[in-house]
Amino acid sequence: MERWIKNVLSLGVIVFFGYLAIACDDGLITPVNCDDPFLSLSEPLDNPVTSAVHYSLTLLDKETNQPVSGIYVKAHWNITFCDVQTGCPLKCLMQIPLTNLGEFSADHFTNANGNINGQTFPYEFKDKKDRVLVTFDVEDTHEVYVAKRISFRYDYNTTSQSYTAYLLKNDAL
């Protein structure tokens, strides 16, 4: 009998809180405040541009100005896009999707000339504010050079960039 009472009370608590949860959900979407300072002015492109981003990185020794080969470089890329808000067609909220960030990356090793080259996934730029951010984590697995992080920002007009970076030796610190 005592067990039966506990089961009925447990079931009653579950039903009560379930009803309370359903009753509190009015199903209405909260309207967007178009004057919110976090909103940006949307600048949609007349013709969206779909392009992969091409990157090139050259690594040189800071002391000798010579190319450094065999350096491990992990390239990561993320998008930032202008998400137009319902109810405010001229305003957008800059979004960075947080799903599966690790899947947008590539592993490289510098060649004899200290170079790596690569490209990202094709991305459709729909707004002038849309960006692809490419970050390079530079790490010498032989521990001769200091690790470094380098970032590029690409937009619909600039989908290709080259960069030269200088590496410091650990014993120079």
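The values are calculated or read from the model by the stated rules, or taken from the named source; none is laboratory data. Everything numeric in this text was worked out from a predicted model, so none of it was measured. Please note: Cβ atoms are built from the backbone with ideal geometry, for glycine as well, and neighbour counts cover all protein chains shown. Accessible surface areas use protein heavy atoms only, side chains included; no ligands, DNA or RNA. Shrake-Rupley method; radii C 1.70, N 1.55, O 1.52, S 1.80 Å.
Solvent-accessible area assigned to carbon and sulfur over the stretch 44-173 amounts to 49 percent, based on a 1.4 Å probe.
Solvent exposure of His54, expressed as accessible area, is near 80 Å², computed with a probe of 1.4 Å over the protein chains only.
Largest accessible area first, the listed residues Leu41, Leu168, Leu60, Leu133 line up as Leu41, Leu168, Leu133, Leu60 when surface is computed with a 1.4 Å probe on the assembled protein chains. Among the protein heavy atoms, those of Lys128 account for about 90 Å² of accessible surface (1.4 Å probe, every chain in place).
The Rg/Rh ratio for the stretch 69-151, using Cα coordinates for both the radius of gyration and the Kirkwood hydrodynamic radius, is 1.13.
To the nearest 0.05, what FRET efficiency results for Lys62 and Thr158 with a Förster distance of 30 Å applied to their C-beta separation?
Working: r = 27 Å, r/R0 = 0.90.
Step by step, r from the Cβ atoms, then E = 0.65.
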